[in-house]
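Heads up: the structure comes next, in structure tokens.
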Amino acid sequence: MFELVTTISQTDERFRTLLSSGRVRSTYYSPKGQECISAAFGALLRPDDYCVTIYRGLHDHISKGVPLDVLFAEFLGRATGTCKGKGGPMHVTDPSSGMMVTTGVVGSGLPIGAGLAWATKLKGTDQVTISNFGDGASNIGAFHEALNLAGVWKLPVIFVCQNNRYSEHTRYEVVTAAEKVSQRAASYSMPGVTVDGNDPVAVYGAAREAIERARAGEGPTLVECVTYRFWGHIFGDNMRYMPAEERQAAMDADPTVRYRQWLIDGGHFGEDELSAIESEVATSIEKAMEFALNSPPPGPEELYTDVYKGEVVPA
Ligand SMILES: Cc1ncc(C[n+]2csc(CCOP(=O)(O)OP(=O)(O)O)c2C)c(N)n1
Ligand SMILES: [Mg+2]
């Protein structure tokens, strides 16, 4: 988990620096602050388990095991990316890693997650699916429809709400009637839990229980992980709607730094061992970034490939 949170934090910093330099242009929804959630799930999921995520999904892609070179290439719109550079950061899809879809339509990943889980149930495999989404998505109809069917059919899916307290520029309590998103699980006859999303050990415990439950055929779980996004909705956002002291407090309690200290204080790892992991991670990121930056964009011949159209068959 430390390797994962470190990879996410360092990659996020690398992307922000790259974008700020003007060398590349892209939309970027930073997941920094939320890294412990996906690292905990990533440590537990099998490569053949399925994952669905949203535009703010870099941490989920990394934790599900999408190789860094093809992931970065997709983020930068290069022909060597997971979707030949035609998906970009908001649509990373890599079935070979179980990263089934990344969506930009708020809430749309929940029914897809339920559908993937239904498929594995029909096939009789013991794969599980996790569907990641935000607090804002929990107010959309698709959230309720997906949880209801998953509850009725006892689907092997875990709904992971990454509650970072904001939907775009709107604070949680202004638009959400439930004090906790997890309370909503009761309506759909599934367990709902709320955990500190900045504590990877707490998330790991909740994730393990939910994954075991799903794998054993006992049905879905809603896991709400409370966290905070460091960099606003989209990178470049002026963040005026986020109280400066609230954001500063979250950044001062950086979950990666806190976890690092916890590992040392608890005698789990020595400072030198963690530093060695950090420099190995830095080397892999640089290598993958070089690969991505040196890859070409998709050529014009790609414009009409992978594009499907319906045929009108005359009566
Ligand atoms: C159906 C739909 N409505 C509105 C939008 C515009 N929009 C993009 S992100 C977002 C906020 C979502 O917030 P949340 O679910 O909390 O996820 P977060 O960005 O905080 O991770 C909105 C309203 C959209 N993409 N899709
Ligand atoms: Mg949110």
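Within the stretch 287-304, restricting attention to residues that are surrounded by 10 or more Cβ atoms within 10 Å (Cβ to Cβ) and free of Cβ contacts under 8 Å to residues at least 40 places away in the same chain, which residue is farthest from K86 (Cα to Cα)? So, considering only residues that are surrounded by 10 or more Cβ atoms within 10 Å (Cβ to Cβ) and free of Cβ contacts under 8 Å to residues at least 40 places away in the same chain, the one farthest from K86 (Cα to Cα) is E290.
Can you pull out every residue in the stretch 233-254 that is open to solvent by less than 40 Å² (accessible area, probe 1.4 Å) and out of contact with any strand residue (DSSP E or B) (no Cβ under 9 Å at 6 or more places or on another chain)? Those that are open to solvent by less than 40 Å² (accessible area, probe 1.4 Å) and out of contact with any strand residue (DSSP E or B) (no Cβ under 9 Å at 6 or more places or on another chain): D237, M239, A250, D254. Identification of strands (runs of 3 or more DSSP E) wholly contained in the stretch 38-157 with 3 or more residues that are under 18 Å from H233 (Cα atoms) yields 129-134. If you filter the stretch 195-213 down to residues that are crowded, with 20+ Cβ neighbours inside 10 Å and not hydrophobic (A, V, I, L, M, F, W, C), you find that the one that is nearest to G136 (Cα to Cα) is G197. Please work out if W231 is more than 12 Å from ligand 2 (Cβ to nearest atom) and under 16 Å from P31 (Cα atoms). When the stated conditions are applied, W231 passes them.
Considering only residues in the stretch 122-133 that are open to solvent by less than 20 Å² (accessible area, probe 1.4 Å) and not aromatic (F, W, Y), the one that is farthest from ligand 1 (Cβ to nearest atom) turns out to be V128.
Looking across the stretch 188-236, the residues that are polar (S, T, N, Q) and outside any loop (DSSP other than H, G, I, E, B) come down to T194, T221. Based on what the data block shows, is V257 surrounded by fewer than 14 Cβ atoms within 10 Å (Cβ to Cβ), of a type in the set (V, I, T) and in a helix (DSSP H, G or I)? The answer is yes for V257.
Six or more apart or on different chains, Cβ atoms under 8 Å: show the pairs whose first residue is in the stretch 202-227 and touching a residue at least 40 places away in the same chain (Cβ under 8 Å) and on the phi > 0 side of the Ramachandran plot and whose second is open to solvent by 10 Å² or more (accessible area, probe 1.4 Å) and among the aliphatic types (A, V, I, L, M). Going by the 8 Å Cβ cut-off, the qualifying pairs are G219/M190.
Of the residues making up the stretch 141-163, those that are more than 14 Å from A185 (Cβ to Cβ) and buried (at least 24 other Cβ atoms within 10 Å of the Cβ) number 2. Count, please, the residues in the stretch 16-37 that happen to be assigned to a helix (DSSP H, G or I) and surrounded by fewer than 22 Cβ atoms within 10 Å (Cβ to Cβ). Qualifying residue count, the stretch 16-37: 6. Name the residues in the stretch 171-187 that are surrounded by fewer than 20 Cβ atoms within 10 Å (Cβ to Cβ) and either away from ligand 2 (no atom under 11 Å from the Cβ) or free of Cβ contacts under 8 Å to residues at least 40 places away in the same chain (or both), would you? Matches in the stretch 171-187: E173, V174, V175, A177, A178, E179, K180, Q183, A186, S187.
So that you can scan it fast, the table gives a plain yes or no per residue for (1) within 16 Å of ligand 1 (Cβ to nearest atom); (2) open to solvent by less than 10 Å² (accessible area, probe 1.4 Å); (3) under 13 Å from the mean Cα position of the chain (by Cα); (4) farther than 30 Å from R240 by Cα:
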site: A79; (1), (2), (3), (4): no, no, no, yes
site: V92; (1), (2), (3), (4): yes, yes, yes, no
site: S96; (1), (2), (3), (4): no, no, no, yes
site: V105; (1), (2), (3), (4): yes, no, no, no
site: A117; (1), (2), (3), (4): no, yes, no, yes
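Listed here are the residues, each with its yes/no results for (1) of a type in the set (K, R); (2) in contact with a Cys (Cβ under 9 Å, 6 or more places away or on another chain).
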| position | (1), (2) |
| --- | --- |
| S97 | no, yes |
| A117 | no, no |
| T120 | no, no |
| S138 | no, yes |
| K154 | yes, no |
| K180 | yes, no |
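Working only within the stretch 107-144, note down all residues that are within 16 Å of ligand 2 (Cβ to nearest atom) and either out of contact with any Gly (no Cβ under 9 Å at 6 or more places or on another chain) or in contact (Cβ under 8 Å) with a residue 60 or more places away in the chain (or both). S108, G109, L110, S131, N132, F133, G134, D135, A137 - these are the residues of the stretch 107-144 that are within 16 Å of ligand 2 (Cβ to nearest atom) and either out of contact with any Gly (no Cβ under 9 Å at 6 or more places or on another chain) or in contact (Cβ under 8 Å) with a residue 60 or more places away in the chain (or both). Just one residue in the set D12, D48, D69 is closer than 22 Å to E280 by Cα and open to solvent by 10 Å² or more (accessible area, probe 1.4 Å); that residue is D69. Scanning the stretch 162-191 for residues that are charged (D, E, K, R) and within 10 Å of ligand 1 (Cβ to nearest atom) gives R165, E168.
The values are calculated or read from the model by the stated rules, or taken from the named source; none is laboratory data. Note that the structure is a prediction, hence the values are computed from the model and not measured. Neighbour counts are summed over all protein chains in view; Cβ atoms, including those assigned to glycine, are modelled from backbone coordinates with ideal geometry. Ligands, DNA and RNA are excluded from the accessible area calculation, which covers all protein heavy atoms including side chains. Shrake-Rupley method; radii C 1.70, N 1.55, O 1.52, S 1.80 Å.
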